[in-house]
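Chemist: Below is a structure I'd like to ask you about.
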Amino acid sequence: EIADDGPGIPAEARDRLLTRGARLDESSGGHGLGLAIAADRARAYGGTLTLEASDAGGLLARVTLPGKR
């Protein structure tokens, strides 16, 4: 899990940020790939990447991977 105390991301925009090229902040550099690549890698290992509000008011990114069987 990674959490911050920034302004957060509206709930309706979070899923969109997991697609390649999606960005909310056009005022800074970047290509909108980081979260999409992280989500792809999590899925490749049978897991997920979810985005939600953090307790600090910002964003919480959570990677969940399956355990050993």
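The values are calculated or read from the model by the stated rules, or taken from the named source; none is laboratory data. This structure is a prediction, so every number in the text was calculated from the model and none was measured. These accessible areas exclude ligands, DNA and RNA; they are computed on the full protein's heavy atoms, side chains included. Shrake-Rupley method; radii C 1.70, N 1.55, O 1.52, S 1.80 Å.
Chemist: Rounding to the nearest 10 and keeping the result within 0 to 90°, find how far the Cα-based axis of helix 34-44 lies from the longest principal axis of the chain.
Modeler: That helix lies at roughly 10 degrees to the long axis.
Chemist: Near the amide H of Ser54, under 5 Å away, which other amide H atoms are found, from residues 5 or more places off or on another chain, if H is placed in the peptide plane?
Modeler: Leu59, Leu60
Chemist: Sticking with this one: Per the Kirkwood formula on distinct C-alpha pairs, the Rh of the chain is how many angstrom?
Modeler: When all Cα pairs of the chain are included, the Kirkwood radius is 12.7 Å.
Chemist: Express the carbon and sulfur contribution to the solvent-accessible surface of the chain as a percent, rounded to the nearest whole number, probe 1.4 angstrom.
Modeler: Within the chain, the accessible surface is 53 percent carbon and sulfur.
Chemist: Still on this structure, I have one more. Excluding ligands, DNA and RNA, what is the solvent-accessible area per residue of the stretch 1-43 at a probe of 1.4 Å, expressed in Å²?
Modeler: That works out to 72 Å² for each residue.
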